[in-house]
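Let me begin by presenting the structure, written as C-alpha cells, before commenting on it.
The values are calculated or read from the model by the stated rules, or taken from the named source; none is laboratory data. From a predicted model like this one, the values you see are computed outputs, not experimental measurements. Neighbour counts are summed over all protein chains in view; Cβ atoms, including those assigned to glycine, are modelled from backbone coordinates with ideal geometry.
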Amino acid sequence: MFREMRVSGITMDPFSNMPIVILKDIQEKSSVPIWIGLLEASAIATELEDVQLPRPMTHDLLKDILNTLKVEVVRIEINDLKDNTFFATLYLQMGGKKYTIDSRPSDAIAIALRTNSSIFMSEEVIEKSKTIDLKGKGIAAKNDAESEKWAEILENMSPEDFGKYKM
C-alpha cells in the first residue's frame, strides 16, 4: 500500500551539513527525512522556490524532453529502503504504453515537482524509515534514545521550522 506524500521542505543536517528533503504524507501524520546531495537539493529548491534560471538545468531539460515527446509522468513511488538508501521508480506513459524507470528519490522528486506529478511512498518504507541509522547519516546520536529523539524532532517539524536552503 502506498501513501501520497508532499515535499514539506529542505533543511540542512546540522551535524553533517548534508541537505535533507522532508516528505510528509498529505494527512500530515508521518514525515520521512531523506538525506540527499547538494546538487539534488539545489534542483529541488529551485523548483520549490520558483527560481527561474536563464538556461535549463538537468531536470528542467528532462521535463522539456518528456513534454516534447508527449510522455506523461503518471507518478513517482519511493518503494524501497535498503542499508539507509532509498529507491524510487518513475511511472511514465506515452502513446498508451506504460514504462517504469528506476531512479534516485531526489531525482524522482525533482521531476515530480516540475511535472506536477504525485509522489507516493510505500507504507513499508515509511515504517523502515523510522529505523534509519542516524549515525550513518552523520548525526551524532550516542544511543538509541538519542536516535529516537532525533527521529521525533524530524517527524514534528513544520514548514515554518525550515530555513531557506542556500544555493
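List of remarks:
- Test result for ASN79, among the polar types (S, T, N, Q) and surrounded by 14 or more Cβ atoms within 10 Å (Cβ to Cβ): yes
- Looking at the stretch 53-103, none of the strands (runs of 3 or more DSSP E) lying wholly inside it contains 3 or more residues that are among the small types (Gly, Ala, Ser), closer than 21 Å to SER118 by Cβ and in contact with a Pro (Cβ under 9 Å, 6 or more places away or on another chain).
- Any hit, the stretch 160-167, residues being at pLDDT 55 or above, within 13 Å of ILE22 (Cα to Cα) and not in a helix (DSSP H, G or I): no
- Positions within the stretch 74-111 being under 14 Å from the mean Cα position of the chain (by Cα), among the small types (Gly, Ala, Ser) and more than 21 Å from PRO56 (Cβ to Cβ), in sequence order: ALA88
- Screening GLN52 with (1) within 12 Å of the chain's Cα centre (by Cα); (2) farther than 16 Å from TYR99 by Cβ gives one miss only, at (1).
Each row is one residue, and each column tells you yes or no for (1) free of Cβ contacts under 8 Å to residues at least 12 places away in the same chain; (2) in contact with a Lys or Arg (Cβ under 7 Å, 6 or more places away or on another chain); (3) over 18 Å from SER8 (Cα atoms).
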residue	(1), (2), (3)
ILE26	no, yes, no
SER42	no, no, no
HIS59	no, yes, yes
ASP64	yes, no, yes
LYS70	no, no, yes
ILE101	no, no, yes
LEU113	no, no, no
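- PHE15 meets each of the listed conditions (1) among the hydrophobic types (A, V, I, L, M, F, W, C); (2) assigned to a helix (DSSP H, G or I); (3) over 23 Å from THR100 (Cα atoms) apart from (2).
- Residues that are basic (Lys, Arg) and closer than 17 Å to ILE20 by Cα within the stretch 67-113 comprise just one, ARG104.
- Residues located in the stretch 1-36, provided they are among the basic types (Lys, Arg) and either under 16 Å from ILE76 (Cα atoms) or buried (at least 20 other Cβ atoms within 10 Å of the Cβ) (or both): ARG3, ARG6, LYS24
- Some residue of the stretch 87-98 being among the basic types (Lys, Arg), loosely packed, with under 13 Cβ neighbours inside 10 Å and at pLDDT 95 or above: yes
- Filter pass, MET18 being touching a strand residue (DSSP E or B) at 6+ places or on another chain (Cβ under 7 Å) and modelled with pLDDT under 95: yes
- Single residue of the stretch 42-71 satisfying the filter (surrounded by 15 or more Cβ atoms within 10 Å (Cβ to Cβ) and touching a Ser or Thr at 6+ places or on another chain (Cβ under 8 Å)) that is farthest from THR131 (Cα to Cα): LEU66
- Meets criteria (among the hydrophobic types (A, V, I, L, M, F, W, C), surrounded by fewer than 16 Cβ atoms within 10 Å (Cβ to Cβ) and not in a loop (DSSP other than H, G, I, E, B)) for LEU39: yes
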